Ligand SMILES: N[C@@H](CCC(=O)N[C@@H](CS)C(=O)NCC(=O)O)C(=O)O
């Protein structure tokens, strides 16, 4: 039986969703975040040396990193569902967005989370203006312009096709779900980018997405 080591309310929700889309049997091993730091618990270090989620274990095989897990599951499924045929323009776009999700979209979202936290962290009163000044400079100089450019680019892509790879839903859409959900939560993604909001509405309505929510437990990113 395939095990998904799922950290509550996290990007590993995507793996449950993909498993539901593919109809593969799996077991969820759920881990709770440390309530103070919100980091993963040390038990995850017993599954993989980096202690992050998602990780899947399949017999003696352990696979970490969401994109690698997605490819592993598509190979396991063996059909061509959710992955366009090699050599097609759809495949090129599929592979681009599959990597874009973690490689380009997540870093500025993570920086936004960190610098917003720095700006609001409890600290001695004399340090507050310095911390806030540094945080707002980093956000204004690099993080916000990058987020804006990326969101505009992604919205424009979906103005030309229904899904990230083309006219068919693919695993690239599963990968792209989390950065877009996180962008609503922490980067001001809203109705001013209608194609991205429509994409989120369509994925949230998918029966497999709903089933994955039931298996994974509370997920604040879909609210
Ligand atoms: N690029 C990795 C990122 C893994 C990652 O950072 N996972 C987060 C879940 S949102 C995590 O485990 N955070 C808890 C921690 O860092 O302790 C992937 O896509 O698998």
Let me have the 222 nm mean residue ellipticity of the chain computed from DSSP H runs of 4+ only, each contributing -39500 (n - 2.57), with the sum over all residues rounded to the nearest 500.
-> -16000 deg cm²/dmol
Quick one: compute a quarter of the convex hull surface over the Cα atoms of the stretch 18-85 and quote it in nm².
-> 5.4 nm²
Kindly give the semi-axes, whole Å and largest first, of the ellipsoid equivalent to the stretch 29-151, taking each as the square root of 5 times a Cα gyration tensor eigenvalue.
-> 36, 24, 8
Förster radius 35 Å - calculated FRET efficiency between residue 149 and residue 119 (Cβ-Cβ, nearest 0.05) = 0.95
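Translational diffusion coefficient, Stokes-Einstein: compute it for the stretch 149-216 using the Kirkwood radius over C-alpha pairs as Rh, at 25 °C and 0.890 mPa s, and state it as an integer in µm² s⁻¹.
Numbers: Rh = 12.4 Å.
Translational diffusion coefficient: 198 µm²/s.
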Most packed first (mean Cβ within 10 Å per residue), the peptides 102-112, 31-41 order as 102-112, 31-41
In degrees, nearest ten, helix 13-22 long axis to first principal axis of the chain (Cα) = 20 degrees
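How do 92, 98 rank when sorted from fewest to most other Cβ atoms within 10 Å of their own Cβ? Display every interim value, and only then the final one.
On the way: 92 13, 98 24.
In order of increasing Cβ crowding within 10 Å: 92, 98.
What shape does the stretch 98-223 take by its C-alpha gyration tensor, where a ≥ b ≥ c are the square roots of the eigenvalues and a/c under 1.5 counts as rounded, a/b above b/c as prolate, and the rest as oblate?
Note, shape of the stretch 98-223 comes out prolate.
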Where the centre of each part is set by its Cα atoms, how far does the stretch 71-106 sit from the stretch 18-42, in angstrom?
-> 22 Å
Once a ≥ b ≥ c are taken as the square roots of the eigenvalues of the Cα gyration tensor of the chain, is the result rounded (a/c under 1.5), prolate (a/b larger than b/c) or oblate (a/b not larger than b/c)?
-> oblate
Can you give the angle from 0 to 90° between the axis of helix 106-120 and the longest principal axis of the chain, with both taken from C-alpha atoms, to the nearest 10?
-> 30 degrees
With R₀ set to 25 angstrom, the calculated FRET efficiency between the beta-carbons of residue 65 and residue 92, to the nearest 0.05, is 0.75
Ranked list, fewest to most other Cβ atoms within 10 Å of each Cβ, for 190, 77 | 190, 77
Report the FRET efficiency, 1/(1 + (r/R0)^6), for residue 223 and residue 75, where r is their Cβ-Cβ distance and R0 is 30 Å, rounded to 0.05.
-> 0.35
Got a sec? How would 52, 128 order by Cβ neighbour count within 10 Å, fewest to most?
-> 128, 52
Tilt relative to the chain, helix 128-138 - C-alpha long axis, 0 to 90 degrees, to 10 | 50 degrees
Distance in Å, no decimals, from the C-alpha centre of the stretch 1-16 to the one of the stretch 208-223 is 11 Å
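Every number here is computed from the coordinates shown, using simple stated rules; none is lab data. In this text, all values refer to a predicted model and were calculated from it rather than measured experimentally. Positions of Cβ are backbone-derived with ideal geometry, glycine not excepted, and every protein chain shown enters the neighbour counts.
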